[in-house]
Amino acid sequence: MDAAPFVTVFFLILIFVLLGTLTYTPGVRIRLPVAEDLPGTEHPSVSVAVDPQGRLFFENQLVDETALSRQLRQLVSTAPEPLTLIIHADREASYSTLVHVTQLARQAGVQEALLATMPRLFSKDSPLTDSSDR
């Protein structure tokens, strides 16, 4: 059996993987903190993302505080039941920024605010647990 076809396919796969890692992915990287067994919500929700520099993103758009407040008020007025704000904050975002976003949401009429987290992929005792998640 000749190994040349197998080596050729291997190198083609390697090229595709390398080119895939070099492609530009638009967006902002948000690294959520890791947590376990946190409650969710049964209410309709809206999401706001906060990057490490404290910039706010709503509906995949960079927004300022006044625009966010206006859009939240509009959503609250048209919602059939109370809304929950889910804050997707980077683990490096400041606590004061998170409190400020929560206050903006309360002023707009949002009843509840929750912080989004990532589930732990491995158990705490696993040697594969990433120490940077702690």
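The values are calculated or read from the model by the stated rules, or taken from the named source; none is laboratory data. This is a predicted model, so every value here is computed, not measured. When we count neighbours, we look across all protein chains shown, and the Cβ atoms used for this are built from the backbone with ideal geometry, even at glycine. Calculation scope for accessible area: heavy atoms of the full protein, side chains included, ligands and nucleic acids excluded. Shrake-Rupley method; radii C 1.70, N 1.55, O 1.52, S 1.80 Å.
Points worth noting:
- Counting only DSSP beta bridges whose two residues both lie in the range 11-134, roughly 35 percent are antiparallel.
- Placing dummy labels 7 Å off each Cα toward the beta-carbon, the span from residue 14 to residue 29 is 2.6 nm.
- Gaussian network model of the chain, Cα within-10 Å springs - most flexible of 93, 35, 113: 35
- Dividing the helix sum by the residues of the chain, where each DSSP H run of 4 or more adds -39500 (n - 2.57), gives a mean residue ellipticity at 222 nm of -11500 deg cm²/dmol.
- Of all the options 66, 25, 41, the one that moves most in a Gaussian network model of the chain with Cα springs shorter than 10 angstrom is 25.
- DSSP-assigned coil residues among trypsin sites (Lys or Arg not before Pro) in the range 50-112, each with at most 16 further Cβ atoms within 10 Å: 55, 91
- Where 96, 45, 69 fall by accessible area, highest first, once all protein chains stay in place (1.4 Å): 96, 45, 69
- Sequence-distant residues sharing a close amide H with residue 112 (under 5 Å, placed H): 85
- The chain: angle of helix 4-22 to the longest principal axis, Cα-based, in degrees nearest 10: 30
- Evaluated at q = 0.12, 0.15, 0.17, 0.18 Å⁻¹, the base-10 log of the normalised Debye intensity for the chain, with identical point scatterers placed on the Cα atoms, takes the values -0.63, -0.83, -0.96, -1.03.
- For the chain, built as a Gaussian network whose Cα springs stay under 10 Å, the top-fluctuating residue of 101, 48, 34: 34
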